[in-house]
Amino acid sequence: MTAPLRVVLADDHPMFREGLRFALSRVPDVVVVGEAGTGTEALRLARELDPDLVVMDLAMPELGGLAATRQLAEEGSRARVLVLTMSEDDESVFAALRAGAGGYLVKGADPDQVVSAVRAVAQGHAVFGPDLAARMLTFFAEPQSRRLEPLPGLSAREHEVLALLADGLSNAEIGGVLFISPITVRNHVSSIFAKLQVSNRRQAMLRVRGERRDQ
């Protein structure tokens, strides 16, 4: 029998935590093992309880959710982070991704969507609300792909993948934005490396930046 996913809830509003805990309590393969009202407490619980996932609000006292997410990533915590917050501006979404979040939902999302995101992010997938994903694709892929047109031999999809790669997204995060599997992303990345005659992500990013400076 598979062990249930162990989740820590981090939000400074007790009523919201209660509602989220109730929604997750109805799911047999998820168990809430701790609750935090500050980013500092979220870090402490993540260290002590070793959960699979932290559901993290961004706006919390003492230490914000963004800083807490970044610190967990820097410490090498195995806990994945699903941001669940009121902020839906592009800056907050991209900052959370850079900090190491594996998913981002806006409060008010359907409970079934939250449960699905909890499972998916805990298992290593990237998850974003439909509106956020569409905006990310527009923000990252379309303008970047137009600027990357001089790179020879790349397909339209490879331009999109390369643009997201150049902005520092992981394969899982790229898959979440483009609605393709991490395996498909990996295949695209391998093809891009071969076509650009580079051997790693850093070289590909340097190649992209060089092309941008030349334009």
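The values are calculated or read from the model by the stated rules, or taken from the named source; none is laboratory data. If you're wondering where the values come from, they're calculated on a predicted model, not measured in any experiment. In this analysis, Cβ positions are derived from the backbone assuming ideal geometry, glycine residues included, and neighbour counts consider all displayed protein chains. Quick note on the areas: whole protein, heavy atoms, side chains included, nothing else; ligands and nucleic acids left out. Shrake-Rupley method; radii C 1.70, N 1.55, O 1.52, S 1.80 Å.
Data for the structure
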| item | result |
| --- | --- |
| Additional length obtainable on full extension of the chain from E91 to F22, 0.36 nm per residue less Cα span | 21.8 nm |
| Heavy-atom surface of the chain, accessible at 1.4 Å and reported per residue (Å²) | 49 |
| Among beta bridges that DSSP assigns inside segment 1-143, antiparallel share in %, nearest 5 | 0 |
| Residues with amide H under 5 Å from that of Y104, placed H, sequence gap 5 or more | V83, V127, F128, G129 |
| Local electrostatic count, K107, Cβ distance below 10 Å [Lys/Arg +1, Asp/Glu -1] | -3 |
| Cut-off 13 Å between beta-carbons: net charge of the residues surrounding A3, Lys and Arg +1, Asp and Glu -1 | -2 |
| Per residue convex hull volume, Cα atoms of the chain, in Å³ | 125 |
| All-pairs Cα distance distribution in segment 40-133, expressed in whole percent, bin size 5 Å | 3, 15, 29, 26, 19, 7, 1, 0 |
| Ordering of 47-57, 17-27 by burial proxy (mean other Cβ atoms within 10 Å per residue, highest first) | 47-57, 17-27 |
| The chain: angle of helix 201-214 to the longest principal axis, Cα-based, in degrees nearest 10 | 60 |
| Contour excess over end-to-end distance, with Cα ends at R98 and L63 and 0.36 nm allotted per residue | 10.9 nm |
| Neighbourhood net charge (15 Å Cβ-Cβ; Lys/Arg +1, Asp/Glu -1) for E48 | -1 |
| Relative contact order, percent, the chain [alpha-carbon distance under 8 Å, six or more residues apart] | 14 |
